[in-house]
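Structure, as structure tokens:
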Amino acid sequence: MRNRLLALAIAAGIGLVAAAPADATPSSRIAVHFDLAKGQQPENIALAPDGTAYVTFASARQIAAISPSGAVKILATLPDGGTAAPVLGFALTTGIVRVADGTLYFLYASGDAATTGLYRLNPGRNPHRIAALPANGLPNGLAYDEPAETFYLTDSVLGTISTVPLKGGIARTWSSAKELAATGFLGANGIKVRHGAVWATNLDQGTLLRIPIKHGRPGPVQVKATGLAGIDDIAFTRDEQVIATLNAPNKVVRIDAHGHTSTLLTAGLQNPTSVAVRGRTLYVLSAAYLTATDPNLILASL
């Protein structure tokens, strides 16, 4: 898998840099070291009020709960049907969201029409699919619009954003704007809903996008920042700045309202995939897709 991803990253023009030092800086620490041999490559994160972090382990096809003390509990493992998501060449769990009642929702990209889709995981139960998604795509980022009771999700291969109702049902393409398209590897990636707009990243194009929601429909795409090679996931601070992970460059950056970027974190990162903010604490997942060394969860102070 590592060689496949490395070749694709190079083909996509994502510059690789040397891995950051393993020792975290005084303002950050590696809270959890995951088991690479078990496929524990964390792809996405959702936080609970008690400090529990729910993550997807991509290549293990798993959903896990990480306690505040760092204990890892596997909640579900998706079946391996012998198929693979396009481009990446393996089946994987991707975006995850936790709603207010504690229910988890996550995406599974398997390359199989019978299993690719959006899943619901109620506490203490087995996951079940609530919406089918195209098997020739790669459902990746997942966000929830609570007032509208609607999920928004990116497809990194098809270059789209789709919607699914909270109760499940048919997934409908919401936007297929050119700004979401892949240009060699993967396009639309991370996604969040914020103040009446969908925010998304495009890994290939290195962009941060804002799409206003106009009576449920997409407004014109606004390119809010460029030059973000390998951009993956995003989160918002309380002062409305964006925090983004840059996967291959091994960076976490802050993006201000003018699209200017500053580096926040490099130490300990191993191809960071996802980020979340709780108060002044930053949660950063690294999947080690390319470095193949020490997938982890870092906690840092903003």
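The values are calculated or read from the model by the stated rules, or taken from the named source; none is laboratory data. Bear in mind the structure is a predicted one, so any value in this text is a computation, not a measurement. Quick reminder, even Gly has a Cβ in these numbers, built from the backbone with ideal geometry, and neighbours come from all protein chains shown.
Observations
- Screening the stretch 263-276 for residues that are without any contact (Cβ under 8 Å) to a residue 60 or more places away in the chain and surrounded by 19 or more Cβ atoms within 10 Å (Cβ to Cβ) and picking the one that is farthest from Ala48 (Cα to Cα) gives Asn271.
- Of the residues Asp204, Asp239, the single one that is part of a loop (DSSP other than H, G, I, E, B), of a type in the set (Asp, Glu) and surrounded by 15 or more Cβ atoms within 10 Å (Cβ to Cβ) is Asp204.
- Filtering the stretch 23-65 to residues that are assigned to a strand (DSSP E or B) and without any contact (Cβ under 8 Å) to a residue 24 or more places away in the chain leaves only Ala65.
- Taking the criterion of being surrounded by fewer than 20 Cβ atoms within 10 Å (Cβ to Cβ) and either charged (D, E, K, R) or free of Cβ contacts under 8 Å to residues at least 24 places away in the same chain (or both), the residues of the stretch 76-111 that qualify are Thr77, Asp80, Gly82, Asp101, Thr103.
- Single unsatisfied condition, Gly111 versus (1) touching a Ser or Thr at 6+ places or on another chain (Cβ under 7 Å); (2) on the phi < 0 side of the Ramachandran plot: (2)
- Residue count for the stretch 1-49, restricted to those that are at pLDDT below 95, more than 21 Å from Phe185 (Cβ to Cβ) and of a type in the set (D, E, K, R): 1
Table: residues versus (1) out of contact with any Lys or Arg (no Cβ under 8 Å at 6 or more places or on another chain); (2) within 18 Å of His33 (Cβ to Cβ); (3) not charged (D, E, K, R).
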{"position": "Pro49", "(1), (2), (3)": "yes, no, yes"}
{"position": "Ala65", "(1), (2), (3)": "no, yes, yes"}
{"position": "Ala71", "(1), (2), (3)": "yes, yes, yes"}
{"position": "Thr94", "(1), (2), (3)": "yes, no, yes"}
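- Listed by first and then second residue, the pairs linking a residue in the stretch 154-182 that is assigned to a loop (DSSP other than H, G, I, E, B) to a residue that is modelled with pLDDT under 95 and not polar (S, T, N, Q), with Cβ atoms under 9 Å apart and 6 or more places separating them unless they lie on different chains, are Ala182/Ala12.
- Yes/no for Asn126 being free of Cβ contacts under 8 Å to residues at least 24 places away in the same chain and either under 17 Å from Leu78 (Cα atoms) or touching a Cys at 6+ places or on another chain (Cβ under 6 Å) (or both): no
- Out of Gly141, Gly95, Gly111, one residue alone is in a loop (DSSP other than H, G, I, E, B) and either touching an Asp or Glu at 6+ places or on another chain (Cβ under 8 Å) or farther than 16 Å from Lys167 by Cβ (or both). It is Gly111.
- Within the stretch 135-163, considering residues that are of a type in the set (S, T, N, Q) and more than 17 Å from Ile231 (Cα to Cα), the one surrounded by the fewest Cβ atoms within 10 Å (Cβ to Cβ): Asn136
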